[in-house]
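Presented below is the structure to which this report refers.
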Amino acid sequence: MIKKKIMRLLAVMLAAFLLLSGCSSQKAGETGAAKESGDVIKVGILHSLSGTMAISEVSVRDAELMAIEEINAKGGVLGKKIQPVIEDGASDWPTFAEKAKKLLQNDKVATVFGCWTSASRKAVLPVFEQNNGLLWYPVQYEGMEASPNIFYTGAAPNQQIVPAVDWLLKNKGKKFFLIGSDYVFPRTANQIIKAQLAASGGELVAEEYTPLGYTDYSTIVNKIKAAQPDVVFNTLNGDSNVAFFKQLKDAGISAQDISTCSVSVAEEEIRGIGADNMKGHLVSWNYYQTTDTPENQQFVANYKKKYGQDRVTDDPIEAAYDAVYLWAAAVEKAGSTDVEKVKAAAKGLEFKAPEGLVKIEGENQHLWKPVRIGEVQADGMIKEIWNSGEAVRPDPYLKTYPWAAGLSN
């Protein structure tokens, strides 16, 4: 009797083992089939969802997810649904590199949409190049880079910083006070600005840097009051801008007294800073929520319907949204998610974006984009006060500017 019980128990255990093995084999087969026959295409989303940069990056993630949802609703890409794999870079550059490696090596994603700061982009760049991955980077930056493994859908310096300085010199004055966060984007951007000022008769009155997340700007505000510049050119990033603009206003400095021009503050950041603290101050971007195109009216309506009527769109949000659509179009054109085929298919690709018609420049994988300078209004929206009239060809190394010779060395 005992022997029969043991035999039955062994038989049950063997059946369970075979069943589990069969399930494991089936799942492995399904995973392989999904890769080969096309059930899903996995893509990575890598942004700071915590830490000092979350004020800017959470909404960029939201735009990418909305684009994915829209594309999936229309049938996906190559008949496959796009499946996002979301990771938090946590405003920490080594974490960005670690998560990028996970997405490429473990999750085997077809591409990644991600980063904000140039420090995070620089941290992941070697990971993408070593693994032949593909990153779509949605934020304006300092240029002096064109990796074959990155598509840059934000502005190159000749599509934001350089035209802003030109406009300010003509309309606001010659004396510039430079303030920025202490990392690669602000320091390189200010090298560009200083060269441009020297060539254009401008004057640098001061240059100050603070760590990301810094909040005590009383000393720097006092220096601004003492220097009496015509323009404060602001390259602060993240929630430091909240402290800076509040303390600037508390010191009695309004936009009528001294103009600031920011290149990393858009509608989303204005929500955190408070429109009353930024009214009248200037920004330079390629897109605003108020941009008047049919595509933008639909984009803004869809974004607010999905995330709430109190939410706003802005330039990096729009550039991130564009990136997903451009990648999807390149994959469809290539008939494959293979990185080299996608890159080849992307050359010259055009997209009717909310900001207007954009085009991928095959030479450097940046976008042709319009330039817009705006003024912050009392309701937190940005009124366009100047634009380039047409899309500007990307020139990340500023090769077309004689005064920029040597900056990329």
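The values are calculated or read from the model by the stated rules, or taken from the named source; none is laboratory data. Keep in mind that what you see is a predicted model, and the values were worked out from it rather than measured. As a convention, Cβ positions derive from the backbone with ideal geometry for all residues, glycine included, and neighbour counts pool all protein chains shown.
So how many residues does the stretch 361-392 have that are in contact with a strand residue (DSSP E or B) (Cβ under 6 Å, 6 or more places away or on another chain), in contact (Cβ under 8 Å) with a residue 60 or more places away in the chain and in a loop (DSSP other than H, G, I, E, B)?
4
Go over the candidates Gly252, Gly180 one by one and state the one that is farther than 30 Å from Ser91 by Cβ and either modelled with pLDDT of 95 or more or not in a helix (DSSP H, G or I) (or both).
On the way: Gly180 fails: farther than 30 Å from Ser91 by Cβ.
Selected residue: Gly252, the only one of Gly252, Gly180 that is farther than 30 Å from Ser91 by Cβ and either modelled with pLDDT of 95 or more or not in a helix (DSSP H, G or I) (or both).
Quick one: Asn237 ticks every box in (1) in a loop (DSSP other than H, G, I, E, B); (2) in contact with a Pro (Cβ under 7 Å, 6 or more places away or on another chain) bar one, so which box is it?
(2)
Which number in (1) within 24 Å of Thr291 (Cα to Cα); (2) crowded, with 23+ Cβ neighbours inside 10 Å marks the one condition that Ala330 misses?
With respect to (1) within 24 Å of Thr291 (Cα to Cα); (2) crowded, with 23+ Cβ neighbours inside 10 Å, Ala330 is out only on (1).
Enumerate the strands (runs of 3 or more DSSP E) found wholly within the stretch 70-144, keeping only those where 2 or more residues are within 13 Å of the chain's Cα centre (by Cα) and either crowded, with 22+ Cβ neighbours inside 10 Å or at positive phi (or both). Talk me through it step by step, then tell me what you get.
Working: elements: 81-88, 112-114, 135-137.
The strands (runs of 3 or more DSSP E) meeting that bar are 112-114, 135-137.
Name every residue in the stretch 196-216 that is in a helix (DSSP H, G or I) and surrounded by fewer than 18 Cβ atoms within 10 Å (Cβ to Cβ), in order of residue number.
Answer for the stretch 196-216, where residues must be in a helix (DSSP H, G or I) and surrounded by fewer than 18 Cβ atoms within 10 Å (Cβ to Cβ): Ala198, Ala199, Ser200.
Those residues that are surrounded by fewer than 24 Cβ atoms within 10 Å (Cβ to Cβ) and closer than 21 Å to Tyr141 by Cα, I need them from the stretch 282-324; list them, please. Before the answer, list the steps.
Within the stretch 282-324, the subset surrounded by fewer than 24 Cβ atoms within 10 Å (Cβ to Cβ) is 289-290, 292-298, 300-312.
Answer for the stretch 282-324, where residues must be surrounded by fewer than 24 Cβ atoms within 10 Å (Cβ to Cβ) and closer than 21 Å to Tyr141 by Cα: just Gln289.
All but one of (1) more than 25 Å from Cys261 (Cβ to Cβ); (2) surrounded by 15 or more Cβ atoms within 10 Å (Cβ to Cβ); (3) touching a helix residue (DSSP H, G or I) at 6+ places or on another chain (Cβ under 6 Å) hold for Lys343; which doesn't?
Every listed condition holds for Lys343 apart from (3).
Inside the stretch 223-239, can you point out the residues that are touching a residue at least 60 places away in the same chain (Cβ under 8 Å) and under 20 Å from the mean Cα position of the chain (by Cα)?
Asn237, Gly238, Asp239
Please go through the stretch 226-252 and give me each residue that is under 13 Å from Ile179 (Cβ atoms) and either among the hydroxyl-bearing types (Ser, Thr, Tyr) or surrounded by fewer than 20 Cβ atoms within 10 Å (Cβ to Cβ) (or both), ordered by number.
Going residue by residue through the stretch 226-252, those that are under 13 Å from Ile179 (Cβ atoms) are 227, 229, 231-237, 240-241, 243-245, 247-248.
Listed by number, the residues that qualify are Ala227, Thr235, Ser240, Ala243, Gln247.
Test each condition in (1) surrounded by fewer than 19 Cβ atoms within 10 Å (Cβ to Cβ); (2) small (Gly, Ala, Ser); (3) outside any helix (DSSP H, G or I) for Ala155 and report the one that comes out false.
Answer for Ala155: the failing condition is (1).
Kindly indicate whether Asp166 is in contact with a strand residue (DSSP E or B) (Cβ under 7 Å, 6 or more places away or on another chain), at pLDDT 95 or above and acidic (Asp, Glu). First the steps, then the outcome.
Working: in contact with a strand residue (DSSP E or B) (Cβ under 7 Å, 6 or more places away or on another chain): no; at pLDDT 95 or above: yes; acidic (Asp, Glu): yes.
So Asp166 does not fit the description; no.
Being at pLDDT 95 or above and in the same structural domain as Ala329 (by TED's automatic domain parsing) is the requirement here; does Glu36 meet it?
Working: at pLDDT 95 or above: no; in the same structural domain as Ala329 (by TED's automatic domain parsing): yes.
It is false that Glu36 is at pLDDT 95 or above and in the same structural domain as Ala329 (by TED's automatic domain parsing).
Which one of Lys347, Lys343 is over 20 Å from Lys81 (Cβ atoms) and touching a residue at least 24 places away in the same chain (Cβ under 8 Å)? Reasoning before the result, please.
Numbers: Lys347 fails: touching a residue at least 24 places away in the same chain (Cβ under 8 Å).
Among Lys347, Lys343, only Lys343 is over 20 Å from Lys81 (Cβ atoms) and touching a residue at least 24 places away in the same chain (Cβ under 8 Å).
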